[in-house]
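Before any comments, here is the structure.
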Amino acid sequence: MTTTETAPGPRALARQRRRASVARFWRQYRSERAGLYGLTALSLCALLALFAPLFVGSDVSSVTQAPGRPMQSPSAEFPLGTDQFGRDLLGLVIWGSRVSLLVGLLAAVLSVAIGTLIGVTAGHFKGWYATVMMRITDWFLVMPTLVLAIALATVMSRSLTTTVVAIGVTTWPTTARLVRAQTLAVETRPYIERAQALGGGHWHIMSRHVLPNVMPLVLAQTTLIISSAILAEATLAFLGLGDPTVVSWGGLLQDAREAGAVSAGDWWYLVPPGIAIAVVALAFTLCGRAVESVLNPRLGVSR
């Protein structure tokens, strides 16, 4: 008596392919040592930000309940010293990671979303629409990103939303250029012509055929832009254009400048948030380069 096995359905096959693709990606990513270092650093920072209320408590930013004296140097009680109000700088750095990482992630997502939308549509429709979109993109490219972000942050209310918008709407042109170039390459492939011959509309072709093929590029670009977004957030906060009601790494640097830490030589007020910004920005860059190398090996350097 023979038994017949039921063949897996399309959805089961799709899930199997996705699992195999993820497993293959992880195997290749593990071969990138710098990417693993960056991923480890990001994991630690993410855990600190996620569990910050358990480590330091939500009252760490309170000025009236500061546990120490103003501008104390590092000690056993305060490993990173205190700020101008007597607050524990270690707790402030840990608490500030929540805002800096959140703003960097949201700004990068907004930037990549705008760039992907413009890049895919400009590469698909071509003609006058692509010409107009690319000229707008060129205008944003030649304008200093930081100057545009400062202008937007100045005319809008000072809040985290303003910071996210100011960074997101000024950093998308690079993504748009890259995605458009990839879209033009995808549009020349035979299966696009077959989809058009079978009656596939613009939305069907862009969403089902073009977008999945540009997503690896978008993923790599996102990890790289998060690094720039965190640096931009720190710069805006340092210039006094961030939300004054929240604690962030850039805000701590701005408070240190106002307190005269530079001229007084109070290095413990400046170094910890500066190192935190540099470490996270470097970690995202390492992860982005590793992802880029895995998804597009032609960009990598032979080992």
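Residue ranking by accessible heavy-atom surface, 1.4 Å probe, largest first, among 155, 99, 22, 271 comes out as 155, 22, 271, 99. Its Cα centre serving as origin, region 2-100 has a Cβ charge dipole (Lys and Arg +1, Asp and Glu -1) of approximately 880 debye. The slack between residue 245 and residue 207, meaning 0.36 nm per residue of separation minus the straight C-alpha distance, is 9.6 nm. Find out how many positive minus negative residues lie around residue 253, taking Lys and Arg as positive, Asp and Glu as negative, among other residues whose Cβ is under 14 Å from that of residue 253. After counting each charged neighbour, the total is -4.
From most to least packed by mean Cβ count within 10 Å, the peptides 199-209, 82-92, 28-38 give 82-92, 28-38, 199-209. The heavy atoms of residue 58 present about 90 square angstrom of accessible area, all protein chains included, probe 1.4 Å. With the Kirkwood sum run over all distinct C-alpha pairs, the chain has a hydrodynamic radius of 21.9 Å.
Would you tally the net charge around residue 183, using a Cβ to Cβ cut-off of less than 14 Å, leaving residue 183 out, and scoring K and R as +1, D and E as -1? Combined, the nearby Lys, Arg, Asp and Glu give +4. Neighbours of residue 68, meaning other residues whose beta-carbon lies under 13 angstrom from its beta-carbon, give a summed charge of -1 when Lys and Arg score +1 and Asp and Glu score -1. The heavy atoms of residue 257 present about 110 square angstrom of accessible area, all protein chains included, probe 1.4 Å. Roughly how much of residue 133 is accessible, in Å² to the nearest 10, using a 1.4 Å probe? Roughly 40 Å² of residue 133 is accessible to a 1.4 Å probe.
Keeping all protein chains in place, calculate the accessible area per residue for the chain (probe 1.4 angstrom), answer in Å². With the other protein chains kept in place, the chain gives 55 Å² per residue.
The values are calculated or read from the model by the stated rules, or taken from the named source; none is laboratory data. Small disclaimer: the values here were computed from a predicted structure and weren't measured. Every residue, glycine among them, receives a Cβ derived from its backbone with ideal geometry; neighbour counts consider all protein chains shown. All accessible areas refer to the heavy atoms of the entire protein, side chains included, with ligands and DNA or RNA removed. Shrake-Rupley method; radii C 1.70, N 1.55, O 1.52, S 1.80 Å.
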